[in-house]
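Trainee: Sharing a structure below in structure tokens format, with a few things to ask.
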Amino acid sequence: MSNLKITQVKSKIGGKQNQRDTLRTLGLRRIGDSVVREDRPEVLGMINTVRHLVTVEEVD
């Protein structure tokens with residue numbers, strides 16, 4: 001499986017509670033933070049919830 005690099009590019013301030021919780025679950029705390037997660041349906045669902053706050057790129 002491939003990996004996804006997820007980077008927070010916008011602030012969570014003003015977002016809904018579930019979006020703030022999703023960012024925390026992904027491991028993103030502030031703008032510029034990046035994490036690498038496995039390309040799984042659960043992670044893709046979380047990314048879909050906060051797609052306007054993050055950028056995603058595929059890494060190996």
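Trainee: Which of the peptides 45-55, 8-18 is most tightly packed, and how do the rest follow, judged by the mean count of other Cβ atoms within 10 Å per residue? Please report the intermediate quantities before stating the final value.
Mentor: On the way: 45-55: 15.7, 8-18: 12.2.
Taking the mean over residues of other Cβ atoms within 10 Å, the ranking is 45-55, 8-18.
Trainee: May I ask for the net charge around Lys12, where only other residues with Cβ less than 13 Å from the Cβ of Lys12 are counted and Lys, Arg are +1 while Asp, Glu are -1?
Mentor: On the way: positive: Lys10, Lys16, Arg20, Arg24, Arg29, Arg30; negative: Asp21, Asp33.
It works out to a net charge of +4.
Trainee: Per 10 Å bin from zero, what fraction in whole % of the C-alpha pairs of the stretch 9-60 is there, up to the bin with the longest pair?
Mentor: Once binned at 10 Å, the Cα pair distances of the stretch 9-60 give 25, 62, 13, 0.
Trainee: Carbon-plus-sulfur fraction of the accessible area of the chain, 1.4 Å probe, in percent? Kindly include the intermediate steps, with their values, before the conclusion.
Mentor: On the way: 1930 of 4050 Å².
The nonpolar share, carbon plus sulfur, comes to 48 percent.
Trainee: Something else about it: May I ask for the angle, rounded to the nearest 10°, between helix 17-26 and the longest principal axis of the chain, with both axes built from Cα atoms and the value confined to 0 to 90°?
Mentor: 40 degrees
Trainee: Check Val54: other-chain or 5+ apart residues with amide H under 5 Å from its amide H, H built from backbone geometry?
Mentor: Those lying under 5 Å, H to H, from Val54 are Val9.
Trainee: Under a Cβ-only charge scheme (Lys and Arg +1, Asp and Glu -1), can you give me the dipole magnitude of the chain about the Cα centre, in debye to the nearest 20?
Mentor: Working: 11 positive and 8 negative charges, 97 e Å.
Here the chain has a charge dipole of around 460 debye.
Trainee: Moving to a separate point now. Relative contact order, percent, of the chain when contacts are C-alpha pairs under 8 Å separated by at least 6 residues?
Mentor: 57 percent
Trainee: Over the chain, average the accessible area per residue using a 1.4 Å probe and give it in Å², no decimals.
Mentor: Working: 4050 Å² over 60 residues.
For the chain, the solvent-accessible area averages 67 Å² per residue.
The values are calculated or read from the model by the stated rules, or taken from the named source; none is laboratory data. Small disclaimer: the values here were computed from a predicted structure and weren't measured. Neighbour counts run over all protein chains shown; Cβ positions are idealised from the backbone, glycine included. Keep in mind that these areas ignore ligands, DNA and RNA; they rest on the heavy atoms of the full protein, side chains included. Shrake-Rupley method; radii C 1.70, N 1.55, O 1.52, S 1.80 Å.
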